[in-house]
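I have placed the structure first, in the form of structure tokens, so that the comments after it can refer back to it.
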Amino acid sequence: MPIRAPIGTGRWTARPQHLDEVATVLRFAAEKGREIRPRGAGSKAAWFTEPSDVDITLSTGDLSAWHYEPGSPVVTVGAGVPLQVAQIRLATYGLRLALDPRSPGATVGGILATDEFGPLAMKFGRPSEQLRGAWGVRAGGTLIALGDPDMACGPVRPESAERHPDPADRRWLPTGVLVSATLPVQPMPPASRFVSHDVASPLEVGELIARMEACCSAPTAIELDLPARSQSRIGHVGTLTVLVEGSVSSATDRAGELADAFGPKTGFHDVAPEGWARYPWRGDDVSVRMDAPADALASVAYAMRDAANAPVAFRASLGAGVGYAAIPARLPAEVVRAVLETCRDVLMGRGGEVTVLSAPAELRRIIGLERLYA
């Protein structure tokens, strides 16, 4: 069906409902020489790519496969299913997917396509590492079977699919479409406790992590939040929060031990703090991702603030080795460039790397982001 859409989203849209229909769409696009772009919830549509000439937008909204046998260690979910919907369905069995993407409304397909993860990756691994099997379609219409795919969600003739024994093999994905994924399920923890302490420097972050490791609290996740200054949080320089999960007695006791180790003015909560497992940027902020060890992430967060001479919003999953920063686009272009170069220089010597996920088009042109971070 034809659609009216912004530049870069295509003049036509297709809404396939199952694997064979996806193959038909991709085969048609290849035969006619038409550009095609998959789209789920669109929560990460601005990442990585410039708007380009796209003829067909392939909506994954109707790829809603669902297969779960009570007692099974895995569930198969269609690429178009929002993660929140999958979690609600599994909660009826006392289970969950160990996925917590930072994009609200993200679909399972979008999470796996971008390998988007949050604080839970510290304990359970990234989505690509959790994948047990999947069905997909390569550009041109070739069916792909990854790992141990769910035959109940497969094609009529599964022997016609191209086999990839390693489910983490992503070489086909940039030009293909993920249709359904088989993922492990985890028991829903009876209790979750969040232990928080304010921090004002990388040294304080390192000291708190050392105390946590000494008291053996076996955390599920560690999150560092340095918000942009606001009237509601004017006195908070930053917060280190540790998630402890388990039975009610175990989680409470371990969280209490950790709070004692952190010292006075430590917060102890049953619900996640504001901003937990969310990106720090808003609107036209320059969105930056940093992959590095925990100590390097803590250091670069404060170095970027110094370079900007402003409270750059920053959040990091220290246990998973990834951080995100929001550089205000209102800053002069030379300041934005200096902040990015500071970030790159700090991480380069510590085994880390930086990626600019998105930025306003005019700013990209002025400071040459494509050349710096192609």
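The values are calculated or read from the model by the stated rules, or taken from the named source; none is laboratory data. Fair warning: this is a prediction, and the values are worked out from it, not measured in the lab. Methodologically, a virtual Cβ is constructed for each residue, glycine included, from the backbone with ideal geometry; neighbour enumeration extends over all protein chains shown. Each accessible area value is taken on the protein alone, full model and side chains, heavy atoms only, with ligands, DNA and RNA left out. Shrake-Rupley method; radii C 1.70, N 1.55, O 1.52, S 1.80 Å.
So is P167 under 26 Å from E129 (Cβ atoms), open to solvent by 60 Å² or more (accessible area, probe 1.4 Å), modelled with pLDDT under 95 and not polar (S, T, N, Q) or not? Steps first, answer last, please.
Numbers: under 26 Å from E129 (Cβ atoms): yes; open to solvent by 60 Å² or more (accessible area, probe 1.4 Å): no; modelled with pLDDT under 95: yes; not polar (S, T, N, Q): yes.
Spelling it out, it is not the case that P167 is under 26 Å from E129 (Cβ atoms), open to solvent by 60 Å² or more (accessible area, probe 1.4 Å), modelled with pLDDT under 95 and not polar (S, T, N, Q).
Looking at (1) surrounded by fewer than 19 Cβ atoms within 10 Å (Cβ to Cβ); (2) in contact with a Pro (Cβ under 9 Å, 6 or more places away or on another chain); (3) at pLDDT 95 or above; (4) not small (G, A, S), can you tell me which one L95 breaks?
Every listed condition holds for L95 apart from (1).
Given the criterion assigned to a loop (DSSP other than H, G, I, E, B) and either at pLDDT 95 or above or buried (at least 22 other Cβ atoms within 10 Å of the Cβ) (or both), identify the matching residue among P280, P264. Spell out how you get there, then give the answer.
Details: P264 fails: either at pLDDT 95 or above or buried (at least 22 other Cβ atoms within 10 Å of the Cβ) (or both).
It is P280.
Looking only at residues in region 306-352 that are open to solvent by 10 Å² or more (accessible area, probe 1.4 Å) and assigned to a strand (DSSP E or B), which one is farthest from G283 (Cα to Cα)?
Across region 306-352, the extreme among qualifying residues is R315.
Could you tell me whether any residue of region 147-162 is surrounded by fewer than 17 Cβ atoms within 10 Å (Cβ to Cβ) and in a strand (DSSP E or B)?
yes
Does T355 count as modelled with pLDDT under 90, open to solvent by 10 Å² or more (accessible area, probe 1.4 Å) and hydroxyl-bearing (S, T, Y)?
On the way: modelled with pLDDT under 90: yes; open to solvent by 10 Å² or more (accessible area, probe 1.4 Å): yes; hydroxyl-bearing (S, T, Y): yes.
Considered against the rule, which asks whether it is modelled with pLDDT under 90, open to solvent by 10 Å² or more (accessible area, probe 1.4 Å) and hydroxyl-bearing (S, T, Y), T355 comes out as yes.
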